[in-house]
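Take a look at the structure below.
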Amino acid sequence: MPVDDADIRINPSILAADFVNMQAELARIAAADFVHVDVMDNHFVPNLTFGLQMVERIQATSPVPLDVHLMITDPDRWAPAYAELGAASVTFHLEAATEPVALARRLRAIGARAGVAVKPATPVEGLFDLLDDFDQILVMTVEPGFGGQSFMPETLPKLRRLADEARRRGSEVWLQVDGGIAPGTIELAAEAGADTFVAGSAVFGAGDPDAAIVALRHAAATHSH
């Protein structure tokens, strides 16, 4: 049975935005639930994007809350600072964190939603007993590091196992996907159990980003169950 559109979250990735006109770009996505901010350190992933100062400026100008995705090597040290500057949600990588549960608790204590991300090759079974320690689990549907990559359908069985386990345990954790999300792939991810979707070029590359957000949300809701 399809879910209501309001139960689906669309978080456009500013990796696909025009960095020079960031304030204008943010104004074009008022229909979004969150804006997805990819922080990369050129170490955990082979790319360099924004740091704390830039994210603080985005936070100050964004009409929608920030969903920060940290692709960095030392999230135990750096993640709390992103929560402190006011990000609504801070997600760090399971592969990079030394103490993921303790870090999630710190983020929640500051007032942010705590998220954990897994790369395509990382199994999710280790998270089954920890579902309630996180507010969001991000299943990467591409290798993290660059925007514009093709969706990896081989990640869907892992997402489905996670969704089935969350349902079995009555967990309210959000299941997010990031990478190659567009019309055609968002339906597949929704069918597998995702409820929160990061879309880059599918939103910012559209003539009307807000209309693209509404269409993506509806497509996902129609295929969720």
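Of the residues 61, 49, only one is surrounded by fewer than 16 Cβ atoms within 10 Å (Cβ to Cβ), of a type in the set (Ser, Thr, Tyr) and modelled with pLDDT under 95; which?
61
What is the residue count in the range 159-186 for residues that are among the β-branched types (Val, Ile, Thr) and more than 24 Å from residue 130 (Cα to Cα)?
So the count comes out to 3.
For the condition at pLDDT 95 or above and farther than 13 Å from residue 139 by Cβ, what is the one hit in 221, 189?
Only one candidate passes the filter, namely 221.
Give me the residue from the range 112-146 that is within 12 Å of the chain's Cα centre (by Cα) and in a loop (DSSP other than H, G, I, E, B) and, out of that set, farthest from residue 86 (Cα to Cα).
Filtering first and then ranking leaves 141.
Name the residues in the range 190-217 that are hydrophobic (A, V, I, L, M, F, W, C), crowded, with 22+ Cβ neighbours inside 10 Å and either under 18 Å from residue 33 (Cα atoms) or in contact with a Phe, Trp or Tyr (Cβ under 6 Å, 6 or more places away or on another chain) (or both), would you?
Passing the criteria: 190, 194, 197, 198, 199, 202, 203, 212, 213, 216.
Return a yes/no flag: does the range 198-208 have any residue that is within 17 Å of the chain's Cα centre (by Cα) and of a type in the set (Phe, Trp, Tyr).
Yes: one or more hits.
Out of 79, 88, 83, which single residue is in contact with a Leu (Cβ under 9 Å, 6 or more places away or on another chain) and surrounded by 23 or more Cβ atoms within 10 Å (Cβ to Cβ)?
Every option except 79 fails the conditions.
Please specify each residue of the range 1-56 satisfying the condition of being in a helix (DSSP H, G or I) and among the aromatic types (Phe, Trp, Tyr).
19
Name every residue in the range 1-43 that is aromatic (Phe, Trp, Tyr) and crowded, with 21+ Cβ neighbours inside 10 Å, in order of residue number.
Within the range 1-43, just 34 meets the criteria.
Please determine whether any residue of the range 90-110 is in a loop (DSSP other than H, G, I, E, B) and closer than 18 Å to residue 173 by Cβ.
Taking every residue of the range 90-110 in turn, at least one turns out to be in a loop (DSSP other than H, G, I, E, B) and closer than 18 Å to residue 173 by Cβ.
How about the range 163-211: which of its residues are without any contact (Cβ under 8 Å) to a residue 60 or more places away in the chain and touching a strand residue (DSSP E or B) at 6+ places or on another chain (Cβ under 8 Å)?
163, 166, 173, 175, 177, 179, 181, 182, 186, 189, 193, 194
The values are calculated or read from the model by the stated rules, or taken from the named source; none is laboratory data. On a predicted model such as this, the values are computed, not experimentally measured, just so you know. Methodologically, a virtual Cβ is constructed for each residue, glycine included, from the backbone with ideal geometry; neighbour enumeration extends over all protein chains shown.
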